[in-house]
Amino acid sequence: MQASIQPIFTWSQERIFAGGTQNVILLIEWKGISGKEESRRQSRKVVAREIELRIWLEAHVTFTECHGCTAEAGEGRSILLRLGKIQSKARKFIALEFSMAAKPAGIHEALWLQWQYKQPPVERIRELPLKKLSLEYSHHTDVLSEKCCFHVEKHLELLKTKKLLEEAVLHRTKSSVQTDFEHLRRQADDLLLLAARSGDMQLVKEAETVYKQLDAEVNVWSKTATR
């Protein structure tokens, strides 16, 4: 039976410096997949529910932050991510930040990942094969100047933007809302700077959307504050 989700993993850097602790980001994206016949009949059909991703960390790896979902502590050195459902042809993203302790030069295993989900219509539990992710450690100092993978950087900023927008709406009636607005405006500025550097029009559109929503939220907050 064909799998209902197709995951892709992208490190912010394929090589890191071996001489000290390094911070890295793992972008995880997954796409909803359905059979050809089903795809023709119903393109937005839910193809997987109750998606879970369990990640086991090697001893030199420390999990530090999650963007796009909430991480739960699992047994041993593991974390559990509950990722809900996905429709056919839809694509979702999360980003995880890790701290990597110093290691000898070479390729070292970092993470082990296992996907589990319920596959409609019979809600049968399915698992994808266990996936191993490794990173290369190098003593060459040129790796210190290597930039973050643009694909990872782009989606990390989009995930941060989504969270800030949600917080601004949630805190609309609270005194901290002005701080949220400042963070949101800075985030929109960062999106524009990244767009200018890369020429990515999706980032331009996202920044414009943030500015418009920010203006709308400020107007709503101003009316509420003057009552």
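Rule-based calculations on the coordinates, nothing more; no lab input. Every value quoted in this text rests on a predicted model; they were computed, and no experiment measured them. So basically every Cβ, Gly included, is an ideal-geometry build from the backbone, and we count neighbours across all protein chains shown.
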Per-residue HN-Hα couplings for the stretch 62-72 [Karplus 6.51, -1.76, 1.60; θ = phi - 60°; Hz; x = Gly/Pro]
10, 7, 10, 7, 10, 10, x, 6, 10, 9, 10
Those GluC sites (Glu not before Pro) in the stretch 41-85 that DSSP places in a loop and that have at most 14 other beta carbons within 10 Å:
E75
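Just want the ordering: T10, T21, from fewest to most Cβ atoms lying within 10 Å of their own Cβ. It would help to have the intermediate numbers written out before the result.
Working: T10 16, T21 12.
If I rank by nearby Cβ atoms, fewest first, I get T21, T10.
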For the stretch 139-148, Karplus couplings with θ = phi - 60° (6.51, -1.76, 1.60), whole Hz, Gly/Pro x:
8, 6, 5, 5, 5, 5, 9, 5, 7, 5
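What is the order of S12, S88, S198, fewest Cβ neighbours within 10 Å to most?
Details: S12 22, S88 19, S198 14.
Least to most surrounded, the residues fall as S198, S88, S12.
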Name the residues whose placed amide hydrogens come within less than 5 Å of the amide hydrogen of S88, ignoring near sequence neighbours (fewer than 5 apart) on the same chain.
K45, V46, V47
Going Cα to Cα from K85, which lysines come in below 29 Å? Please leave out same-chain ones fewer than 8 positions away.
K31, K36, K45, K118, K131, K132, K154, K160, K162, K163, K205
